[in-house]
Amino acid sequence: MSIPDILDSIPESGIRKLFELASKQKDVISLGIGEPDFDTPQHIKEYALEALQRGMTHYTPNNGLKILRDEISEKLKRENGIIADPDRNIMVTVGGNQAFLLALSTFVRPGDEVIIPSPYFVTHAAAAKLVGGTVVEVKTCIENDFRVNPEDLKRSITRKTRCIIISTPNNPTGSVLTRKDLEEIADIAVEHGIRIVSDEVYEKLVYDGAEHISIASLNGMSELTITVNSFSKAYAMTGWRLGYVVADPTTIAKMTKFQMYLAACPVSFVQYAAAKALQDPRSPAATESMRQEYQRRREYLYKRLSEIDGFVVNKPMGAFYIFPKVDFAEDNAFAERLLVEGRVVVVPGSAFGTYGKGHVRLCYATSLGNIEEATNRIERFMRSIRQK
């Protein structure tokens, strides 16, 4: 199938549809967009200005600035237990989203199968389809905190399976895979010789003692794993569009070649700012401050939703989303009615795959005041439709 045909076959994102509808409404509170409401820390902005004043406005190497790849390598060793050569195993990308398409393009061929635990981040499935792959969804459920069952993964593997995409902490569910979960997934990957693409963009946002573990750090997984990360969530840099990939040298070389023709390189002064941010002790302090505020908001939103009749709720252990089940309505219709009648934006779960149906995603990357007012509106809306 050609790229135009594939694009025609991929439906418009349910997220985009809701936001287009929301733009026509007045006095709406959004719990929809997955973006930090914090500004980028001041010291990172100052580093970008420093780079501009130094004339860093030119092309960089296709795989990214050497100083940034060096700092990423040190960060991976220090925080993730991953040993990565900055020249052979690391590539800087234009955000995390781009990385999935580049990575899958290096080894997935038309007709190959890509296993994705569902609900899933929308880009994962779209990238798999754009390279000609077939998405195989593996169900996760709220009763198991949306953690994938290894036996279900095993049953989904065929001779056409090329990789499994995992996301921990997860968007949209907030699930965090445990070390045991990851060890079982790693065993499956090693046994069948299939790749793991690991989305770790929300690694800094974990709660209640949960631990983020990179699957590439486990025995036997460094060559089988493609790790994707970005600066968007940890440093509130979504608009800066900067991510990175860690993989074996062959994969990185192919991805670098693709980037050469696709975007040439990420923005030069943004890369410099990120490199300096990784060195600066103010960065982890800023991230921790944001994480603590997200945790405070999560506690409030979880408590309020748990008290509203009609929702089945579990407490997310990471990211900044909560993914309750709506036990009496179809999720698209529910989200649209809540927007029009309740003036609150949530994202229907079916936007995140087959097994997101019947759920809605609420994002708590907004002020506690907004969350309080939004939950008041949701409570009134739920009460009104229950009475009809």
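Throughout, read-outs are computed from the coordinates displayed, never taken from laboratory work. Remember, predicted model here, so these are calculated numbers, not experimental data. Methodologically, a virtual Cβ is constructed for each residue, glycine included, from the backbone with ideal geometry; neighbour enumeration extends over all protein chains shown.
Structure notes:
- For S118, residues with placed amide H under 5 Å, excluding near neighbours: V138, K139, T140
- Stretchable slack from L21 to D87, in nm (0.36 nm times residue separation minus alpha-carbon distance): 19.2 nm
- Think of the chain as having a plus end and a minus end, set by charges on the Cβ of Lys, Arg, Asp and Glu; of Q279, T250, A333, A333 sits farthest toward the positive end of this dipole.
- Against the chain, whose longest principal axis is taken from its Cα atoms, helix 66-75 shows a tilt of about 60°.
- A protection proxy built from the mean count of other Cβ atoms within 10 Å ranks the segments 50-62, 162-174, most packed first, as 162-174, 50-62.
- Length released on extending from I308 to A264, taking residue separation times 0.36 nm less the Cα-Cα span: 10.8 nm
- Taking packing as the residue-averaged number of other Cβ atoms within 10 angstrom, the listed peptides 113-120, 189-196 run from highest to lowest as 113-120, 189-196.
- Summarising the amide proton neighbourhood of A234: residues at separation of 5 or more, or on other chains, whose placed amide H is nearer than 5 Å comprise an empty set.
- Taking every DSSP bridge with both residues inside the chain, close to 45 percent are antiparallel.
- Counting only Cβ charges, +1 for Lys and Arg and -1 for Asp and Glu, the dipole size of the stretch 58-280 around its Cα centre is about 760 debye.
- For E113, the residues whose modelled amide H falls within less than 5 Å of its own, excluding neighbours fewer than 5 places apart on the same chain, are T134, T161, R162.
- Cα-based helix-to-principal-axis angle, 42-53 vs the chain, degrees rounded to 10: 40 degrees
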